[in-house]
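Below you'll find the structure, written out as structure tokens, and then a few comments.
The values are calculated or read from the model by the stated rules, or taken from the named source; none is laboratory data. Quick caveat, the model's predicted, so the values are computed rather than measured. No Cβ is skipped: glycine too gets one built from the backbone with ideal geometry, and neighbour counts run over all protein chains shown.
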Amino acid sequence: MRRTIIGGVGLAVLALGGPWALAEGLSLGRVHTVEQTPSRDVAIVFGAAVLPDGTPSNYLRGRLDVAADLYESGRVRAILVSGDNSTHNYNEPDNMKRYLVDSRGVPTAKVVTDYAGFDTYDTCVRARRIFGVTSAALVTQDYHLTRALATCRMTGGMNVVGSPDTSRAHDRTWWYGWSREFGARLKMIYDVVTRRTPTLGVQEDGIRNALGAR
């Protein structure tokens, strides 16, 4: 019985610790403050909750502010906002773009929307295969950024760095997000190994046009 328990614990540690260590290794040296972020073509903002009135939640607003700072500082030339628009009554990408344009003054031609970024894996795959992104600065909260960097590197071969939003205190939401990473990183391995196909469709020229816009 004791051997069984020890063996089970060992397998659990391996199953959870292995993906965690892999993500940490693939993101090593790629996380920077806005001021230190190397120049990339595009900032990719991962979606998060939008309030019923269409305004971004505090965590999503933090991500968008970082992306706007990257654009204003000249470290990126366009912004891809990727999120959930699976139902008629819920639209993360359009509300993300509206905030960047109306509240932060980013030119509308420089913000491209991805309506099928249902999770981190989907956003990474679609950024490369649908929007043709090869060079990007990823923007999300610090606890999520490590997995985002690892996923984008393993799925699309993109040249990515990351700039985290650290404006939020370690409140209950932050700790909930951090605790979810154990399971989420295990799912990351499954998605990458199985090459799960997200919602795709035809290639879009939005990013190419945004990079060419003045």
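What number of residues in segment 100-121 are in contact with a strand residue (DSSP E or B) (Cβ under 7 Å, 6 or more places away or on another chain) and crowded, with 23+ Cβ neighbours inside 10 Å? Explain how you work it out, then say what you get.
At the first step, the residues of segment 100-121 found to be in contact with a strand residue (DSSP E or B) (Cβ under 7 Å, 6 or more places away or on another chain) are 100-101, 106, 110-114, 117-118, 120.
With the extra rule that they be crowded, with 23+ Cβ neighbours inside 10 Å, the set shrinks to 100, 111-112, 114, 117, 120.
Summing the residues that are in contact with a strand residue (DSSP E or B) (Cβ under 7 Å, 6 or more places away or on another chain) and crowded, with 23+ Cβ neighbours inside 10 Å in segment 100-121 gives 6.
Conditions: (1) of a type in the set (Ser, Thr, Tyr); (2) outside any helix (DSSP H, G or I); (3) surrounded by 15 or more Cβ atoms within 10 Å (Cβ to Cβ). Thr155 meets all but one. Number of the miss?
Exception for Thr155: condition (2).
Looking only at segment 129-157, how many residues end up being of a type in the set (D, E, K, R) and touching a Ser or Thr at 6+ places or on another chain (Cβ under 7 Å)?
Quick first cut of segment 129-157, residues of a type in the set (D, E, K, R) only: 129, 142, 147, 153.
With the extra rule that they be touching a Ser or Thr at 6+ places or on another chain (Cβ under 7 Å), the set shrinks to 142, 147.
Matching residues across segment 129-157 total 2.
Quick check on my filter: what residues within segment 167-198 are in a loop (DSSP other than H, G, I, E, B) and modelled with pLDDT under 90?
Across segment 167-198, the qualifying residues are Ser167, Arg168, Ala169, His170, Asp171.
Checking the conditions here, which among Arg61, Arg75 is out of contact with any His (no Cβ under 9 Å at 6 or more places or on another chain), basic (Lys, Arg), closer than 19 Å to Ala127 by Cα and at pLDDT 95 or above? Even if it seems obvious, please write down each step before you answer.
Numbers: Arg61 fails: closer than 19 Å to Ala127 by Cα.
Unique residue meeting the criteria: Arg75.
Checking the structure you have, find out if any residue of segment 188-196 is of a type in the set (Asp, Glu) and touching a residue at least 60 places away in the same chain (Cβ under 8 Å).
yes
Given the criterion touching a helix residue (DSSP H, G or I) at 6+ places or on another chain (Cβ under 8 Å) and of a type outside the set (Asp, Glu), identify the matching residue among Ala169, Ala210.
It is Ala210.
Taking the stated definitions as given, is Asp69 acidic (Asp, Glu) and more than 14 Å from the chain's Cα centre (by Cα)?
Numbers: acidic (Asp, Glu): yes; more than 14 Å from the chain's Cα centre (by Cα): yes.
It is true that Asp69 is acidic (Asp, Glu) and more than 14 Å from the chain's Cα centre (by Cα).
Check off (1) under 16 Å from Gly47 (Cα atoms); (2) in contact with a strand residue (DSSP E or B) (Cβ under 7 Å, 6 or more places away or on another chain); (3) among the hydrophobic types (A, V, I, L, M, F, W, C) for Ala184 and give me the number that stays unchecked.
Of the numbered conditions (1) under 16 Å from Gly47 (Cα atoms); (2) in contact with a strand residue (DSSP E or B) (Cβ under 7 Å, 6 or more places away or on another chain); (3) among the hydrophobic types (A, V, I, L, M, F, W, C), the odd one out for Ala184 is (2).
Mind checking which pairs have a first residue in segment 81-97 that is closer than 21 Å to Val133 by Cβ and a second that is small (Gly, Ala, Ser) and surrounded by fewer than 23 Cβ atoms within 10 Å (Cβ to Cβ), Cβ under 6 Å, 6 or more apart or different chains?
Once the first residue is closer than 21 Å to Val133 by Cβ and sits in segment 81-97, no partner that is small (Gly, Ala, Ser) and surrounded by fewer than 23 Cβ atoms within 10 Å (Cβ to Cβ) comes close enough.
Among the residues of segment 130-138, are any closer than 15 Å to Ala43 by Cβ, over 13 Å from the mean Cα position of the chain (by Cα) and aromatic (Phe, Trp, Tyr)?
The answer is yes, given that some residue of segment 130-138 is closer than 15 Å to Ala43 by Cβ, over 13 Å from the mean Cα position of the chain (by Cα) and aromatic (Phe, Trp, Tyr).
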